[in-house]
Amino acid sequence: MLAAMPATVWREWMGFFRLEPFGPVQDDLRVGILASLLHNAWFDGPKIQPHEVFPSIDEAEDPEDDPLVQQAMAKAFVLASGGKVE
């Protein structure tokens, strides 16, 4: 599939992934959020966080939380889609 895909389409998908991640890690995060929400709502005792349900999720080391990284990703997406950045 990658061999048949034009480079511009590939760059658009990569830019989209940076803005809206998808895949198994993102799915784990979604399920971890739901699991921690339900646990915290229905059980007494210590509250849990999504990364405690799925240890592979390490929120402390997410570079996408950095505003400069977000700005660079947005710029890359605009350039990859043929736009101009001033």
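Nothing in this text is a laboratory measurement; each read-out follows from the coordinates by a stated rule. Treat the numbers as computed from the prediction; the structure is a model and nothing was measured. Don't worry about glycine lacking a Cβ; one is built from the backbone with ideal geometry, like all the others, and counts go over all protein chains shown.
Laid out as a table, the results:
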read-out: For the chain, calculated [θ]222 nm from helices alone, where every DSSP H run of n ≥ 4 adds -39500 (n - 2.57); value: -18000 deg cm²/dmol
read-out: Student exercise, the chain dipole from Lys, Arg, Asp, Glu Cβ charges, in Debye to nearest 20; value: 440
read-out: A4/E52 FRET efficiency (R0 25 Å; Cβ-Cβ; nearest 0.05); value: 0.05
read-out: Added length on full extension, which subtracts the Cα-Cα distance from 0.36 nm per residue, E20 to L79; value: 19.5 nm
read-out: Neighbour count of at most 14 Cβ within 10 Å plus DSSP loop: longest trypsin sites (Lys or Arg not before Pro)-free window in the chain; value: 1-46
read-out: Difference of contour (0.36 nm per residue) and Cα-Cα distance, Q71 to E86; value: 4.1 nm
read-out: Sorted largest first, extent of the chain alpha carbons per principal axis (Å); value: 53, 33, 18
read-out: Within the chain, longest stretch clear of exposed chymotrypsin sites (Phe, Trp or Tyr not before Pro) (DSSP loop, no more than 16 other Cβ within 10 Å); value: 44-86
